[in-house]
1. If each of GLU76 and PHE9 carries a label point 7 Å out from its Cα toward its Cβ, how far apart are those two points in nm?
2. Can you give the log10 of the normalised intensity I(q)/I(0) at q = 0.09 Å⁻¹, computed with Debye over equal Cα scatterers of the chain?
3. Return a whole-number percent for the relative contact order of the chain, with Cα pairs under 8 Å and 6 or more residues apart as the contact set.
4. Mind pulling the angle between the C-alpha long axis of helix 18-42 and the longest principal axis of the chain? Nearest 10 degrees, somewhere in 0 to 90.
5. Can you list which of the trypsin sites (Lys or Arg not before Pro) found in region 35-80 are DSSP loop residues with at most 16 other C-beta atoms within 10 Å?
6. Rank these residues by their accessible area, most exposed first, probe 1.4 Å: THR5, THR62.
7. Placing +1 at every Lys and Arg Cβ and -1 at every Asp and Glu Cβ, with all other atoms neutral, what dipole size does region 1-78 have around its Cα centre, in debye to the nearest 20?
8. What pairs from LYS38/LYS78; LYS13/LYS94; LYS44/LYS66; LYS44/LYS94; LYS3/LYS24 go past 21 Å between their alpha carbons?
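The values are calculated or read from the model by the stated rules, or taken from the named source; none is laboratory data. Predicted model, so just to flag it, every value in this text is computed and none were measured. Note: ideal-geometry Cβ built from the backbone for every residue, glycine included; neighbour counts use all protein chains shown. Accessible surface areas use protein heavy atoms only, side chains included; no ligands, DNA or RNA. Shrake-Rupley method; radii C 1.70, N 1.55, O 1.52, S 1.80 Å.
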Amino acid sequence: MNKCTCGNFKDNKYLMCLDCYNSKVESENINNWLNSLKENWLNKNINNIVSLFCVDCDCYDTPFSKNGNLREDWSEIKEQTILDIQYKILMRNKYEFIVEFTIQYENEICSAINHIKLNEALKCFYLKQWYMCK
Ligand SMILES: [Zn+2]
C-alpha cells in the first residue's frame, strides 16, 4: 500500500484511490453531458437536448417559474442566433453541480447559472436556472 495524492491509502497497482477514481469518472461523465448539451444547443437539435433529460424532469427556467415543458422551453433557441456557448463548472458534488453558461448571441452576451442534478443513468432530473444579460 502507498498513498494517493489526496492522502488516502491506495493499492500499488492503481494510480489513485477509489474515491479519486470515482470522482474522476463523475467529472468526465458530467463534462460529456455538458459538451453534448452545448453541441446540440449550438446545432439547435431539440430532440437530442430532450434526450439528455428525464421525461419528468423538474426544470425551472427561472427560480420563480413553474416546472416547465422541456421541449417548449428549449424550442425558443430555434429563433435565436447563438455564436458561442462556454461553460464553467462552479462546484460539484457527485452528480449534482452548479454550472455557468456564457452565451454569446449576435447582439448581446448573457450568463446562465444552472443548478443541475443527474441520475445514475446520466439523465438530468432537476434543473433550475438564473439567467441575466449584460
Ligand atoms: Zn485519492
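1. Computed distance between label sites GLU76 and PHE9 equals 5.5 nm.
2. -0.33
3. 19
4. 20
5. LYS44, LYS66
6. Highest to lowest solvent-accessible surface, that is THR5, THR62.
7. Result for region 1-78 is approximately 340 debye, rounded to the nearest 20.
8. The pairs that break the limit, which is 21 Å between Cα atoms, are LYS13/LYS94; LYS44/LYS66; LYS44/LYS94.
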